[in-house]
Amino acid sequence: MGKRSEPRKDIRVPVRIFGTDSAGQIFSEKVVTVNVSRHGAELSGVQAQPNIDEIVGLTYGNIKSHFRVKWVGQPGTEKLGHLGLLNLSPEKPLWDFPLPGPTRDASTRDARDRRAHPRVRCGNSVEAHVANQDAPIRARIGDISVGGCFVEMPNPLPPGTAVRLAFWVKDRKLSATAKVITSTPGYGNGVQFTAMSEPDKAVLREFVQGLIRIPT
């Protein structure tokens with residue numbers, strides 16, 4: 001099930017998990033955590049059997065985030081009904097209780113991650129234009145980086161779909177072509193920008209960096 005890279009907090013809190021199982025069926029279940037860290041969580045009481053690397057949504061209170069399934073408890077083991085999840089947006093606040101600090105190795109890795117394409121939460125409006133569809137899909141951005149964003153929509157597009165995005169930052173309309181990377185039913189799409197003009201990219205970079213600079 002992999003070697004843990006950071007300490008976890010043993011805690012049982014109710015959460016809702018939703019996504020698509022290995023049979024292609026949409027599921028939504030109330031389950032509980034076993035332990036939690038900034039980068040992951042273990043759940044118990046899960047009836048669905050999603051595939052490894054499937055993207056699922058998780059709701060705690062009124063906050064939603066998305067995770068990647070890293071392991072699934074197998075029949076005949078004490079881990080049956082358990083899931084191991086990787087938090088895809090660890091910089092987004094999700095839990096309302098303190099978590100153990102990262103180890104030195106984890107801190108080093110986090111610094112590398114932040115230097116790449118840090119993601120920040122935002123609620124900016126976005127239009128997704130898809131080929132062969134006359135009307136654009138109007139939605140909101142859940143989080144964004146200079147490399148991509150998560151578009152919240154109840155009926156997400158399938159992975160691999162090419163889209164043209166138009167979204168508003170600082171009263172300026174930015175445009176980008178993008179590709180759908182992940183799709184979580186009832187939650188939305190993770191998209192990767194494939195092309196954006198340099199002026200628009202500069203505006204987006206300044207916007208993201210401005211949200212990262214949180215006073216301490």
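Within the set of other residues whose C-beta is less than 11 Å from the C-beta of GLY142, count the net charge using Lys and Arg as +1 and Asp and Glu as -1.
Here the charged neighbours net out to +3.
Using the number of other C-beta atoms within 10 angstrom as an exposure proxy, rank VAL72, VAL169 with the fewest first.
The fewest-first ordering by Cβ neighbours comes to VAL169, VAL72.
Over region 120-212, what per residue volume does the convex hull of the Cα atoms give, in whole Å³?
Hull volume over Cα atoms, normalised by residue count, gives 87 Å³.
Helix 104-116 versus the longest principal axis of the chain: what angle, 0 to 90°, nearest 10, using Cα atoms?
Long axis of 104-116 versus the principal axis of the chain: about 20 degrees.
Cβ neighbours within 10 Å, averaged per peptide: list 142-149, 189-196 in order, most packed at the top.
142-149, 189-196
Can you tell me, using C-alpha contacts under 8 Å and at least 6 residues apart, the relative contact order of region 1-61 as a whole percent?
36
Could you pull out the trypsin sites (Lys or Arg not before Pro) across region 124-216 that fall in loop regions by DSSP (anything but H, G, I, E, B) with no more than 16 other Cβ atoms inside 10 Å?
When the trypsin sites (Lys or Arg not before Pro) of region 124-216 are filtered for loop state and at most 16 Cβ neighbours within 10 Å, LYS170, ARG213 remain.
What is the projected area of the convex hull of the Cα atoms of region 9-114, averaged over all directions, in nm²?
With every direction weighted equally, the projected area is 7.0 nm².
Starting at 0 and stepping by 10 Å, how many percent of the alpha carbon pairs of the chain end up in each bin?
8, 32, 34, 21, 5, 0
Taking the chain as the reference, fit the longest principal axis to its C-alpha atoms, fit the long axis of helix 198-212 to the helix C-alpha atoms, and give the angle between the two in degrees, 0 to 90, nearest 10.
40
Using alpha-carbon pairs under 8 Å, 6+ residues apart, how would you state the relative contact order of region 120-212 in percent?
It rounds to 27 percent for region 120-212.
All of the numbers you see were taken from the coordinates with simple rules; none came from a lab. The structure displayed is predicted, hence computed values, not measured ones. All Cβ positions, even for glycine, are placed from backbone atoms using ideal geometry, and neighbour counts span all protein chains on display.
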